[in-house]
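S.K.: I have a structure here, written as structure tokens, and I will follow up with some questions on it.
The values are calculated or read from the model by the stated rules, or taken from the named source; none is laboratory data. Here the structure is a predicted model, which is why all the values come from computation and not from measurement. Ideal geometry is used to build each Cβ from the backbone, glycine not excepted, and the neighbour counts take in all protein chains shown. Note: areas computed on protein heavy atoms with side chains; ligands, DNA, RNA excluded. Shrake-Rupley method; radii C 1.70, N 1.55, O 1.52, S 1.80 Å.
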Number of protein chains: 4
Amino acid sequence: MNYNTNNTSVRLLISCHDQPGIVSAVSTFLHQYKANIVQSDQYSTDPSGGMFFMRVEFEMLDPDFDITMIRTAFTEIGLSFEMDWRMELASRKKKMAIFVSKEDHCLLELLWRWRAGEIDVDIPLVISNHPDLKEQVESYGIPFFHIPVSKATKQQAEQEAIQKLHEHNIDFIVLARYMQILSSDFVGTFPKRIINIHHSFLPAFIGANPYAKAFERGVKLIGATAHYVTDDLDEGPIIEQDVLRVNHRYTTEQLRVAGRNVERIALAKAVTWHINDQIIVHGNKTVVF
Amino acid sequence: MNYNTNNTSVRLLISCHDQPGIVSAVSTFLHQYKANIVQSDQYSTDPSGGMFFMRVEFEMLDPDFDITMIRTAFTEIGLSFEMDWRMELASRKKKMAIFVSKEDHCLLELLWRWRAGEIDVDIPLVISNHPDLKEQVESYGIPFFHIPVSKATKQQAEQEAIQKLHEHNIDFIVLARYMQILSSDFVGTFPKRIINIHHSFLPAFIGANPYAKAFERGVKLIGATAHYVTDDLDEGPIIEQDVLRVNHRYTTEQLRVAGRNVERIALAKAVTWHINDQIIVHGNKTVVF
Amino acid sequence: MNYNTNNTSVRLLISCHDQPGIVSAVSTFLHQYKANIVQSDQYSTDPSGGMFFMRVEFEMLDPDFDITMIRTAFTEIGLSFEMDWRMELASRKKKMAIFVSKEDHCLLELLWRWRAGEIDVDIPLVISNHPDLKEQVESYGIPFFHIPVSKATKQQAEQEAIQKLHEHNIDFIVLARYMQILSSDFVGTFPKRIINIHHSFLPAFIGANPYAKAFERGVKLIGATAHYVTDDLDEGPIIEQDVLRVNHRYTTEQLRVAGRNVERIALAKAVTWHINDQIIVHGNKTVVF
Amino acid sequence: MNYNTNNTSVRLLISCHDQPGIVSAVSTFLHQYKANIVQSDQYSTDPSGGMFFMRVEFEMLDPDFDITMIRTAFTEIGLSFEMDWRMELASRKKKMAIFVSKEDHCLLELLWRWRAGEIDVDIPLVISNHPDLKEQVESYGIPFFHIPVSKATKQQAEQEAIQKLHEHNIDFIVLARYMQILSSDFVGTFPKRIINIHHSFLPAFIGANPYAKAFERGVKLIGATAHYVTDDLDEGPIIEQDVLRVNHRYTTEQLRVAGRNVERIALAKAVTWHINDQIIVHGNKTVVF
């Protein structure tokens, strides 16, 4: 969790090859630039020469600090360690678009947490391939765009969506039970920036109708998986998973109803972590700090 | 749970097509034969004409009751409803064989619960394809048989095991991390009477090295599945599943170590339910009462 | 779970002293009256002479059955076993009143499940001691009554509430984070029919500010408890409890935010079970079938 | 978890008032002394001037490093920030004493994990106020001392125990269901170095017979709490808690049996964290990194 959203709060995320002196260089840099480290997490895949990941949260002591200047100054360290890095102002609200179809539970969970102040984000628009949830979305004061999708119009629909997303300077997209498979083009436009909720415990029950498959297999737990979307269906980096105990009495429909609770909780966690810059994607995995 | 192991305690398990009057017929029969119903569970797959499953636990009021006579008397009801049924004395201890390879955690969990009186069963023997655990098993006063298995000797080794199992009148077998795939012949000799612990959340990561696969996939939960063994590898009826939260810091080896706890707990539950006649297998699923 | 809400679906709940022949008498009665038992649960506190509890769900084969006639007919059995019993039509929707103060998470969870059809109930009104949630409640088409409470007006406010509840023939009341302690008079008017959500794992942290107390004590799990309200504050029969893992990083405020999720899930379960007639209260405990 | 037990692996634990420059000073020091930071965790109670806690795990690049020299060198930093700190060689095995009475489940869990290499510790002795578990302990090659305790002999028995503990240079003590209350003197001799497992979810059911109390209260979850022992009974800093779902069917005895599993898992986790120097005690709370 992260509630340090002062105007002076900054997050630094780093991926690079492991090597001596990284933490020292970073913390000394921050000390020089009058930053107080509030939290620092790191992870090495293999202490004897693997990858190194780090997330530092710091407070600038000078409220009139210039983030651009600090970023520029940090470039040197970034280059010397060949880092992949970014520095984010906690006070800058990300812009999140929500894609939804007909089922409302994941959407409403996000909207409700957003209104309660639990999710600190801007939601400039919701896009749906169905008109059903228009009224509900608009009751939250959020514009709703109905972009129908058929086999014939899919490419055009995606272009229309992309245009809307660009118009609103969207930072990332949440598929809150959006029942369309996005094209490679679309996914490539927002790399590591589309979060999906899959209604099973991946990699079990990949693809359509996981609850029907879970019923057939007679599982004793059902799950949900929030993951970043890549070209491979349901194979993107997993952010969060959760399960729920069920038994032989559950019909497919009852599995579906029970599963909604795991879906919305898992998705809300993943979205919160993404917003708080707590996730680093490496290959097909996530490091969640 | 079931701790009614008085000498007068009996369990009746029934599967049949759903139809009116079953509960009435059964409970009236029991009342006539001076039995007090202590617990009764039932489940219908579909009230409008599917399968019906029932488990009744009852106490005979006459301590000198004759179970054979009661079984014979019940045959008529069984026939009239075309039931698949069995009536078990709670006081008759089942005979359980344990198969193990080198890893001891599942074995020791069972032996410890057995000695603590949590698992009410006889253990006439432990069979292993390795000699490593001989001393530990024998310290519990249980005979240990080392039956090595190679590709060439597999059939012969299984025959030797079957002979030992028959000699000891074994009721059911627990594969407590036994790292050999049993032949169809072996499995067919003990239908619905072999319990295996698979070290993943089935149907995810079927087959060998599930922890390595879980590491590769970057899952956030690992699991274990206790199931009856059938001819299809890791596809038999699931009895119990459990999971454990992990994160990016876990190496394959650490997943393996952490997973042991889920494995032994899930297996111990499945074994307990089997011993207490709480499981009815129907097709590829279990009803656990 | 229970989704058998056909017009022919009936639930029978029984409490009495344990004695032979109860199940037989009940099931034979149902068979005679052309009812098919769909599910049956029972529990004996002590097989050798304690209390006996039973819940039977049955379908009447004749769609034009007369529930009053069946209730009358069952009276004889009830008397002979000195039963405390009731027979409920699954198709009769209960009328639920919700009491709320300013926090909306429990309220919205219930309203959302109600609109999604997960909670099969009528909600004729919401009562609050604050006006804040008026608009939200009314957007669901449910009347909202603001009845302010001060020390001076408490008795009068409760009388006003009772009158409203009687006017709407309310069956039971849910305190969805209603931050007022109800008087003995009020509680006595709705015995075993008021469900409260307490924001801790009772009996830990009884009374006000449980999250502050949990923070002080440095607990590693926080919980919520749904219970029936009695005269003893936070001492009524527990229906459901759940917990959530936390750590040293959580402030009191963050415990509060995290706790909301446990509260709403635990309360929603308790309400669902009450609606489905799955709960029998005995002394200060509940039997949940 | 922590498996970095190379001979070059060191852990540094720090508590002090929060102030700018700590991380920078520490990491620069480590870099100068040719140490590679493998993991680093920190926590500030309040970024604007509370307490600061840090745990750093580092590898010395020179295998012939001198820990005494490094400790001496670090003293200056420790003084300048007024730190409470310690630096531990991961390769130095701690010496753990186990106290037990008659119940063996927590004891065996620890012994088993110790033999399996999951708990990297020396166990020079087990002390018990009963002789029952002597044979089991000795089968692990560990000396067992029976020190009976009565009201009259309590002080003398504790002195005898303390002498044995000193003789064996014990680092910390685990009360694995030791059913005696230790005196202030004893506790004061091993401050923050005695770990107890309490068989309830503290602060619920403080004191004796928690399962009987849980039964009386009709709780739906039972728990266990591992904590450091202080003078206040069951009020010491909590290290770990866990719970298990139960229902109305559980008798007090069945709660006790079920509870064993939560007890041993929670205790094993707490012991592992203590061994790996992952716990910092601050006031009546723990920071677990």
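S.K.: Looking at region C:229-246, which of its residues are within 19 Å of the chain's Cα centre (by Cα) and surrounded by 17 or more Cβ atoms within 10 Å (Cβ to Cβ)?
M.R.: Within region C:229-246, the subset within 19 Å of the chain's Cα centre (by Cα) is C:229-242.
Those that are within 19 Å of the chain's Cα centre (by Cα) and surrounded by 17 or more Cβ atoms within 10 Å (Cβ to Cβ): C:Val229, C:Thr230, C:Asp234, C:Gly236, C:Pro237, C:Ile238, C:Ile239, C:Glu240, C:Gln241, C:Asp242.
S.K.: Sticking with this one: Could you go through region B:270-278 and let me know if any residue there is under 16 Å from B:Val219 (Cβ atoms), small (Gly, Ala, Ser) and crowded, with 21+ Cβ neighbours inside 10 Å. Talk me through it step by step, then tell me what you get.
M.R.: Residues of region B:270-278 that are under 16 Å from B:Val219 (Cβ atoms), as a first pass: none.
Scanning region B:270-278, I find no residue that is under 16 Å from B:Val219 (Cβ atoms), small (Gly, Ala, Ser) and crowded, with 21+ Cβ neighbours inside 10 Å, so the answer is no.
S.K.: OK, next. Identify all residues within region D:83-131 that are farther than 28 Å from D:Gln159 by Cα and touching a strand residue (DSSP E or B) at 6+ places or on another chain (Cβ under 8 Å); write none if there are none.
M.R.: D:Met83, D:Asp84, D:Trp85, D:Arg86, D:Met87, D:Glu88, D:Leu89, D:Ala90, D:Ser91
S.K.: Counting only residues that are small (Gly, Ala, Ser) and at pLDDT 95 or above, which one in region A:108-144 is most open to solvent (accessible area, probe 1.4 Å)? Reasoning before the result, please.
M.R.: At the first step, the residues of region A:108-144 found to be small (Gly, Ala, Ser) are A:116-117, A:128, A:139, A:141.
Among the residues that remain, those that are also at pLDDT 95 or above are: A:128, A:141.
Details: A:Ser128: 0, A:Gly141: 66 Å².
This residue is A:Gly141.
S.K.: Here's something else I'd like to know. Hey, C:Arg249 hits all of (1) under 25 Å from D:Pro210 (Cα atoms); (2) at the interface with chain D (Cβ under 8 Å from one of its Cβ atoms); (3) open to solvent by 30 Å² or more (accessible area, probe 1.4 Å); (4) not β-branched (Val, Ile, Thr) but one; which does it fall short on?
M.R.: (1)
S.K.: Of the residues A:Ile22, A:Ile98, which is under 26 Å from the mean Cα position of the chain (by Cα) and buried (at least 21 other Cβ atoms within 10 Å of the Cβ)?
M.R.: Working: A:Ile22 fails: under 26 Å from the mean Cα position of the chain (by Cα).
Result: A:Ile98 is the single residue among A:Ile22, A:Ile98 that is under 26 Å from the mean Cα position of the chain (by Cα) and buried (at least 21 other Cβ atoms within 10 Å of the Cβ).
S.K.: Moving on. Please indicate, with yes or no, whether at least one residue in region B:145-156 is closer than 29 Å to B:Ser91 by Cβ and open to solvent by less than 40 Å² (accessible area, probe 1.4 Å). Walk me through it before giving the result.
M.R.: Taking region B:145-156 first, the residues closer than 29 Å to B:Ser91 by Cβ are B:145.
Add one more test, that the residue is open to solvent by less than 40 Å² (accessible area, probe 1.4 Å), and what stays is none.
No, region B:145-156 contains no residue that is closer than 29 Å to B:Ser91 by Cβ and open to solvent by less than 40 Å² (accessible area, probe 1.4 Å).
S.K.: Of the residues A:Ile222, A:Ile170, A:Ile162, which single one is at negative phi and within 14 Å of chain B (Cβ to nearest Cβ)?
M.R.: Details: A:Ile170 fails: within 14 Å of chain B (Cβ to nearest Cβ); A:Ile162 fails: within 14 Å of chain B (Cβ to nearest Cβ).
That would be A:Ile222, the only listed residue that is at negative phi and within 14 Å of chain B (Cβ to nearest Cβ).
S.K.: If you don't mind, there's one more thing I want to ask. Read through the list (1) under 27 Å from the mean Cα position of the chain (by Cα); (2) open to solvent by less than 30 Å² (accessible area, probe 1.4 Å), then give the number of the only condition that A:Arg71 fails.
M.R.: Looking at each condition in turn, A:Arg71 falls short on (2).
S.K.: Test C:Lys213 against the criterion of being at pLDDT 95 or above, under 23 Å from D:His227 (Cβ atoms) and either over 18 Å from the mean Cα position of the chain (by Cα) or open to solvent by 10 Å² or more (accessible area, probe 1.4 Å) (or both), and give yes or no. Please lay out each step first, then the result.
M.R.: Working: at pLDDT 95 or above: no; under 23 Å from D:His227 (Cβ atoms): yes; either over 18 Å from the mean Cα position of the chain (by Cα) or open to solvent by 10 Å² or more (accessible area, probe 1.4 Å) (or both): yes.
Judged against the criteria, C:Lys213 is not a match.
S.K.: Does region A:45-55 contain at least one residue that is among the hydrophobic types (A, V, I, L, M, F, W, C) and not in a strand (DSSP E or B)?
M.R.: Filtering region A:45-55 down to residues among the hydrophobic types (A, V, I, L, M, F, W, C) leaves A:51-54.
Next, from what is left, pick out any that are not in a strand (DSSP E or B): none.
No: region A:45-55 contains no residue that is among the hydrophobic types (A, V, I, L, M, F, W, C) and not in a strand (DSSP E or B).
S.K.: Pick out the one residue from C:Gly236, C:Gly259, C:Gly218 that is touching a residue at least 12 places away in the same chain (Cβ under 8 Å), within 19 Å of D:Ala214 (Cα to Cα) and out of contact with any Pro (no Cβ under 6 Å at 6 or more places or on another chain). Spell out how you get there, then give the answer.
M.R.: Working: C:Gly259 fails: within 19 Å of D:Ala214 (Cα to Cα); C:Gly218 fails: within 19 Å of D:Ala214 (Cα to Cα).
The conditions single out C:Gly236.
S.K.: The conditions are (1) of a type outside the set (Ser, Thr, Tyr); (2) farther than 22 Å from B:Gly207 by Cα; (3) under 14 Å from the mean Cα position of the chain (by Cα); (4) within 13 Å of chain B (Cβ to nearest Cβ), and A:Asn276 fails exactly one of them. Which is it?
M.R.: So A:Asn276 meets the others, but not (4).
S.K.: Looking at B:Ala204, is it buried (at least 21 other Cβ atoms within 10 Å of the Cβ) and away from chain A (no Cβ under 14 Å)?
M.R.: Details: buried (at least 21 other Cβ atoms within 10 Å of the Cβ): yes; away from chain A (no Cβ under 14 Å): no.
It is false that B:Ala204 is buried (at least 21 other Cβ atoms within 10 Å of the Cβ) and away from chain A (no Cβ under 14 Å).
S.K.: Additional query: Test of understanding: among A:Ala73, A:Ala25, which residue is at the interface with chain D (Cβ under 9 Å from one of its Cβ atoms) and outside any loop (DSSP other than H, G, I, E, B)?
M.R.: On the way: A:Ala73 fails: at the interface with chain D (Cβ under 9 Å from one of its Cβ atoms).
Sole residue among the options that is at the interface with chain D (Cβ under 9 Å from one of its Cβ atoms) and outside any loop (DSSP other than H, G, I, E, B): A:Ala25.
S.K.: Across region B:223-242, what is the total count of residues that are modelled with pLDDT under 95 and of a type in the set (A, V, I, L, M)?
M.R.: Final tally of qualifying residues: 1.
S.K.: Additional query: Please specify each residue of region A:253-288 satisfying the condition of being modelled with pLDDT under 95, assigned to a loop (DSSP other than H, G, I, E, B) and not polar (S, T, N, Q).
M.R.: The answer is A:Gly283, and nothing else.
S.K.: Does B:Arg55 fit the bill of being free of Cβ contacts under 8 Å to residues at least 40 places away in the same chain and not assigned by TED's automatic domain parsing to the domain that holds B:Asn276? I'd like the intermediate steps shown before the answer.
M.R.: On the way: free of Cβ contacts under 8 Å to residues at least 40 places away in the same chain: no; not assigned by TED's automatic domain parsing to the domain that holds B:Asn276: yes.
In short, no.
S.K.: Another one. How many residues are open to solvent by 10 Å² or more (accessible area, probe 1.4 Å) and either in contact with a Phe, Trp or Tyr (Cβ under 9 Å, 6 or more places away or on another chain) or more than 17 Å from A:Phe99 (Cβ to Cβ) (or both) if we restrict to region A:179-197?
M.R.: Total meeting the criteria: 6.
S.K.: For region A:107-130, name all the residues that are within 14 Å of chain C (Cβ to nearest Cβ) and either part of a helix (DSSP H, G or I) or acidic (Asp, Glu) (or both). Walk me through it before giving the result.
M.R.: Our first condition is that a residue be within 14 Å of chain C (Cβ to nearest Cβ); within region A:107-130, this holds for A:107-120.
Passing the criteria: A:Leu107, A:Leu108, A:Glu109, A:Leu110, A:Leu111, A:Trp112, A:Arg113, A:Trp114, A:Arg115, A:Glu118, A:Asp120.
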